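First up is the structure itself, then whatever we jot down about it.
The values are calculated or read from the model by the stated rules, or taken from the named source; none is laboratory data. Computed from a prediction, not measured in an experiment: that's the story for all the values here. Cβ placement follows ideal geometry from the backbone for every residue including glycine, while neighbour counts extend to all protein chains displayed.
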Amino acid sequence: MAFDATFFALVGLVLFLALIVYLKVPGMVAKSLDARADEIRNELAEAKRLREEAQHLLAEYQRKRKEAEAEAAGIVASAEREAQALTAEAKQKTEEFVARRNALSEQKIKQAETDAINAVRSAAVDLAIAAAENVIAKKSDAAVQSDLFNRAVGDVKTRLN
């Protein structure tokens, strides 16, 4: 029986496989693979937990954003109402101011008219008196003038007493 290289290669292979089984290499490989699978499973569970936590935080932040937007809209609406109220109040105060100014101006105009009428009347009376003096002076003699003067002095005395 002649042993060639193939036979020795087969014997070497069988011995190698026997040594591997004797040293429990497949069990160690299985343990290593199981440990790696457990590690991957734990990492997947951790990733799932982190994902759920991130989704929860995202939902919470979206809720807070909506609340903040609603609050901002409320603030803007309140500011608009306040601005409208201030505008209406300013308009009303302006109208009241204009009305008071108009009334004051009308009152001043009426007073000026009254003063002008009184001044014209006074000037007319003075003019009439001056004209009457001129007419009386030209048409009357000393006796009539003396009689008018005495009558005027008498009227003044009776009115003063």
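Among the residues of region 9-31, what is the count of those that are of a type in the set (Phe, Trp, Tyr) and modelled with pLDDT under 90?
Residues in region 9-31 being of a type in the set (Phe, Trp, Tyr) and modelled with pLDDT under 90: 1 in total.
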Just to be sure before I move on: is Ala132 surrounded by 10 or more Cβ atoms within 10 Å (Cβ to Cβ) and either free of Cβ contacts under 8 Å to residues at least 12 places away in the same chain or assigned to a helix (DSSP H, G or I) (or both) in the structure I sent? yes
Of these, Ala99, Ala54, Ala112, which one is under 33 Å from the mean Cα position of the chain (by Cα) and assigned to a helix (DSSP H, G or I)? Ala99
Name the residue, out of Ala99, Ala143, Ala137, that is surrounded by 10 or more Cβ atoms within 10 Å (Cβ to Cβ) and on the phi < 0 side of the Ramachandran plot. Ala99
